[in-house]
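Chemist: Structure in structure tokens, see below.
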Amino acid sequence: MYAQASAKIELLSYLPQQDPSPVVEGTMVQPVSFFPAGAEIYAQGEKAGALYQVEFGAVRIYRLLADGRRQISAFHLAGETFGFEADTTHHFFAEAINATGVRVVRTPSGMDMSRQLLPLALKVLTRAQEHLLVLGRQSAIERVAAFLVEMSERQGRLRQVELAMSRNDIGDYLGLTIETVSRVFTRLKEKGLIRLLSLRSIEILKRDTLLAMRE
């Protein structure tokens, strides 16, 4: 894992010609910072105080368990905001999955932005609750089906879904082994529900069936 200081390299070619619009009215956004694959954006235990918007690429939010295993709690894609905390400390790690551009969003000191930030926070909370429902499903195929539908919806309900994350990442997100994830993808392909275009690209052939499996 790269050190945070060395990873935060401003990618000037991604800077807009004018100041970007704030994520929320009244907040201040910074230039895009570039994080190579695997680079740490912030660590568990670090001081919190800003939000982060993904400009391109993807981010995983995770925690290391006592036995050394990794539990991924969320993925964030381009256009999404993360970094919400209930207090002043980060309780999870945030890491770039692939080459990722992130814009830091800061709230002016002394200004109460709770009303403006509430819609964003509620969206993150809703997604976290849906993730808990996925983890509560008994079968691996139901979890993977729910994951694929989620990724499709977050990419505009496209038929072809691009997966920035690896099979190992998906397993750590769904509470499955990488072997189980791979077997389920193969099973869904054999059932004619999906087409594996490449390791990171999947075409959904029978969306309604996946939806039914998710419910």
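Chemist: For the stretch 135-200, divide the Cα radius of gyration by the Kirkwood radius and give the resulting Rg/Rh value with two decimals.
Modeler: 0.92
Chemist: Checking the a/c ratio against 1.5 first, then a/b against b/c, what shape does the Cα gyration tensor give for the stretch 65-196?
Modeler: Numbers: a/c = 2.14, a/b = 1.77, b/c = 1.21.
Cα axes put the stretch 65-196 in the prolate bin.
Chemist: Per the 1.4 Å probe, what fraction of the accessible area of the stretch 115-194, in percent, lies on carbon and sulfur atoms?
Modeler: 54 percent
Chemist: How much accessible surface does LYS123 have with a 1.4 Å probe, in Å² rounded to 10?
Modeler: Probe radius 1.4 Å; accessible area of LYS123 about 120 Å².
Chemist: Grab the Cα-Cα distance for GLN160 and SER182, subtract it from 0.36 nm times how many residues apart they are, and report the gain in nm with one decimal.
Modeler: Once the chain is fully extended between GLN160 and SER182, it gains 6.1 nm.
Chemist: Right, here's the next one. How much accessible area per residue does the stretch 57-215 have, in Å², with a 1.4 Å probe?
Modeler: 51 Å²
Chemist: I would also like to ask the following. Provide the solvent-accessible area of SER73, counting protein heavy atoms only and rolling a 1.4 Å probe, rounded to the nearest 10 Å².
Modeler: The value for SER73 is about 40 Å².
The values are calculated or read from the model by the stated rules, or taken from the named source; none is laboratory data. Owing to the predicted nature of the structure, the values given are computational and were not obtained by experimental measurement. With ligands, DNA and RNA removed, areas are computed over all heavy atoms of the protein, side chains included. Shrake-Rupley method; radii C 1.70, N 1.55, O 1.52, S 1.80 Å.
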